[in-house]
Amino acid sequence: MKLKHFLWRCLQNGLATSEALYQRVGKGSNLCQCCGEATETIEHVFFFCPTAQVAWRLAPVSWEGIVELQCNMWRWWDAVMDSAKGAQGMDRIKLTVNILWQLWKARNKRVFQLESVDAKVIIDKAQQEWIEFENATGSQPRVLASSEQERLIQHIWEPPQEGVVRINTDAAISAKMVRTGLGIVARNWRGDLVKVRGISRRKRGETATEESLAIRSAPEMAQDAGWTKIEVQSDCRNIVRSINAGNVQDRKLQTILEDIEALKTSFDSCIFSFVPRIANGCSHAMAQFATKVVKTIDWEVSFPTWLTVLARKDMGVVTPFCN
Ligand SMILES: [Zn+2]
């Protein structure tokens, strides 16, 4: 609701940019107070200010096809809305509105509190708010009865031994959007996230295949990172069993499982194990996230807040989302 109103004001030229104020009252400066380099129009705040430019480069959504419309918010927004008909259109649009909103909030912080907000923080917050909104309106996770909770209490994610990197994997399929997402989340013996990948593909997926592909992506990512001791976890019991038994009944999976077998030999140690879904929350969320974005995501060194919160949750530390 808040965002709807904000969007309406953007398009009505109702946001109090320096240029709008200057036009209205005829005094003050119409320059952007972030960069000081140009007239602060709404288009400048959203697209042309250096902070905005960096933010859009970091964003998991891209509107490169319509950059030439950026000099006119109305026309740009029209083109964005046109994409709503396409697969996952609404998701891209909602995320986009969140990005615009955070750009505007960052601008206000600069102007009124003289604090600058990093482009990465802007995108991070936009993603977090979008996910919280999706979680609030989408299917609610079932609340477990206390006896059930007790039974599941052993099913928490536990860090591996020192020197070993544990990589959790999961796949998500969106039939509606004709899209698949693979989530690969690596953590060290302290439980800290070390590298996260989200692979997004436009295709009709099949569960066992996608789960196997997610598992295969783990040793691939580990090779890139140069790790020598890894443990790969998946919540797909059958596939883990097939990998460990070295026999595959399913023809379709054969090639993928052979790849995994071959990849395995390049590590000092490489173990595959089953993890219940409840303790596989990070990679599950990452896979879901990947179905909603258009680019493959690679995060290391720093990670979005929603993911670090989930990582703690996997370990049984419950922290509510907070700003
Ligand atoms: Zn500027």
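The values are calculated or read from the model by the stated rules, or taken from the named source; none is laboratory data. Remember, it's a predicted structure, so these values are computed and weren't measured experimentally. Because the Cβ atoms are built from the backbone with ideal geometry, glycine has one as well, and the counts that use them run over all protein chains shown.
Just for helices (runs of 4 or more DSSP H) wholly inside the range 222-300: which have at least 3 residues that are in the same structural domain as PRO60 (by TED's automatic domain parsing) and either in contact with a helix residue (DSSP H, G or I) (Cβ under 7 Å, 6 or more places away or on another chain) or of a type in the set (Ser, Thr, Tyr) (or both)? Explain how you work it out, then say what you get.
Working: elements: 237-245, 251-264, 281-292.
Counting at least 3 such residues, we get no helices (runs of 4 or more DSSP H) at all.
Output the number of residues of the range 194-250 satisfying the condition of being more than 16 Å from ALA287 (Cα to Cα) and among the β-branched types (Val, Ile, Thr).
Step one: filter the range 194-250 for residues more than 16 Å from ALA287 (Cα to Cα), giving 194, 219-220, 222-231, 237-250.
Next cut, among the β-branched types (Val, Ile, Thr) only: 194, 228, 230, 239-240, 243, 248.
Selection size over the range 194-250: 7.
One line per residue, one yes/no per condition, for (1) surrounded by 13 or more Cβ atoms within 10 Å (Cβ to Cβ); (2) of a type outside the set (A, V, I, L, M); (3) assigned to a helix (DSSP H, G or I); (4) within 11 Å of the ligand (Cβ to nearest atom):
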residue	(1), (2), (3), (4)
ARG24	no, yes, yes, no
PHE46	yes, yes, yes, yes
VAL54	yes, no, yes, no
PRO60	yes, yes, no, no
SER83	yes, yes, yes, no
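Give GLU64, GLU40, GLU68 a once-over and let me know the one that is of a type in the set (Asp, Glu), surrounded by 17 or more Cβ atoms within 10 Å (Cβ to Cβ) and at pLDDT 80 or above. First the steps, then the outcome.
On the way: GLU64 fails: surrounded by 17 or more Cβ atoms within 10 Å (Cβ to Cβ); GLU68 fails: surrounded by 17 or more Cβ atoms within 10 Å (Cβ to Cβ).
Result: GLU40 is the single residue among GLU64, GLU40, GLU68 that is of a type in the set (Asp, Glu), surrounded by 17 or more Cβ atoms within 10 Å (Cβ to Cβ) and at pLDDT 80 or above.
Given the residues GLU129, GLU162, which is the only one that is modelled with pLDDT under 90 and closer than 30 Å to LEU31 by Cβ?
None of the others qualify; the one that does is GLU129.
Given the structure, is GLY36 assigned by TED's automatic domain parsing to the domain that holds TRP130, free of Cβ contacts under 8 Å to residues at least 12 places away in the same chain, within 13 Å of the ligand (Cβ to nearest atom) and at positive phi? Walk me through it before giving the result.
Working: assigned by TED's automatic domain parsing to the domain that holds TRP130: yes; free of Cβ contacts under 8 Å to residues at least 12 places away in the same chain: yes; within 13 Å of the ligand (Cβ to nearest atom): yes; at positive phi: yes.
For GLY36, the condition - assigned by TED's automatic domain parsing to the domain that holds TRP130, free of Cβ contacts under 8 Å to residues at least 12 places away in the same chain, within 13 Å of the ligand (Cβ to nearest atom) and at positive phi - is met.
Report, by residue number, each residue of the range 68-81 that is away from the ligand (no atom under 15 Å from the Cβ) and closer than 21 Å to TRP8 by Cα.
First pass over the range 68-81, keeping only residues away from the ligand (no atom under 15 Å from the Cβ): 68-69, 72-81.
Across the range 68-81, the qualifying residues are LEU69, ASN72, MET73, TRP74, ARG75, TRP76, TRP77, ASP78, ALA79, VAL80, MET81.
Would you confirm whether or not the range 11-19 contains a residue that is in contact (Cβ under 8 Å) with a residue 60 or more places away in the chain, among the aliphatic types (A, V, I, L, M) and either within 12 Å of the ligand (Cβ to nearest atom) or not assigned by TED's automatic domain parsing to the domain that holds ASP78 (or both)?
Within the range 11-19 (the criterion being in contact (Cβ under 8 Å) with a residue 60 or more places away in the chain, among the aliphatic types (A, V, I, L, M) and either within 12 Å of the ligand (Cβ to nearest atom) or not assigned by TED's automatic domain parsing to the domain that holds ASP78 (or both)), the answer is no, since none of the residues qualifies.
Between a residue in the range 171-189 that is under 21 Å from ARG312 (Cα atoms) and any residue that is of a type in the set (Asp, Glu) and part of a strand (DSSP E or B), which pairs come within a Cβ distance under 8 Å, given they are 6 or more apart or on different chains?
LEU182/ASP170; GLY183/ASP170
How many residues are out of contact with any Ser or Thr (no Cβ under 8 Å at 6 or more places or on another chain) and among the acidic types (Asp, Glu) when one looks only at the range 232-290?
4
Any residue that is buried (at least 23 other Cβ atoms within 10 Å of the Cβ) and more than 19 Å from ASP298 (Cα to Cα) - is there at least one of those in the range 213-222?
Among the residues of the range 213-222, not one is buried (at least 23 other Cβ atoms within 10 Å of the Cβ) and more than 19 Å from ASP298 (Cα to Cα), which makes the answer no.
Conditions (1) modelled with pLDDT of 90 or more; (2) over 25 Å from the mean Cα position of the chain (by Cα); (3) aromatic (Phe, Trp, Tyr), marked per residue:
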site: TRP8; (1), (2), (3): no, yes, yes
site: THR17; (1), (2), (3): no, yes, no
site: TYR22; (1), (2), (3): no, yes, yes
site: PHE46; (1), (2), (3): yes, no, yes
site: ALA52; (1), (2), (3): yes, no, no
site: ASP91; (1), (2), (3): no, no, no
site: VAL97; (1), (2), (3): yes, no, no
